[in-house]
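What follows is calculated from the coordinates using simple rules that are stated; it is not laboratory data. Keep in mind it's a predicted model, so treat the numbers as computed, not measured. Every residue, glycine as well, gets a Cβ built from its backbone with ideal geometry; the counts of neighbours run over all protein chains shown.
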Amino acid sequence: MIKQIINYFKSKRISLVRLDEQEIKRSLPEINYKILNPARHYLLDADYKSCSIAEFKSLLKKDFTNWKIYHKDYDCDNFAFRLYSNLKNKYPKLAVGIVFSDGHAFNVFVDNEGFAWYVEPQNDKIYSYSKLTKKYKSIYLIII
């Protein structure tokens, strides 16, 4: 465990490539508009950077969000915002965001090939959209 903590603070170079707003939007699914404002997605920047899914997995291994304990005052949205904040702190332009679905919050990462991956910040499991929709029926909001 001490080795993981030390490695967390070591800066490892990852190759980031530029993704524009349109590339991000094309990678994300349509959203159920019944509950929230009918904007498809909220992209907070016009320009993003990304890396391969393998490099992203190495970033997740160095993050300790999943070490927190879930309880009534620290639940799924806290985990999602924590992971988002930790990654954006180190890589401000990284194409990572937060997803809200029916009763759950988690993260999204768009890789350097424009494919969206969904991340459960409580255990670092990564899902494709097809596997995700088997777990959660509707996605209501995506903020990147």
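A few points about this structure:
- A search for C-beta distances below 8 Å between a residue of the stretch 51-71 that is assigned to a loop (DSSP other than H, G, I, E, B) and any residue that is aromatic (Phe, Trp, Tyr), counting only pairs 6+ apart in sequence or on different chains, returns LYS62/TYR8; ASP63/TYR8; PHE64/TYR8; LYS68/TYR74; LYS68/PHE79; TYR70/PHE79.
- Scanning the stretch 80-99 for residues that are within 11 Å of the chain's Cα centre (by Cα) and in contact (Cβ under 8 Å) with a residue 40 or more places away in the chain, we see that the one that is nearest to ARG13 (Cα to Cα) is LEU94.
- Yes/no for TYR118 being in a strand (DSSP E or B) and free of Cβ contacts under 8 Å to residues at least 24 places away in the same chain: yes
- Within the stretch 115-144, the set of residues being under 17 Å from SER85 (Cβ atoms) and of a type in the set (Val, Ile, Thr) comprises VAL119, ILE142, ILE143, ILE144.
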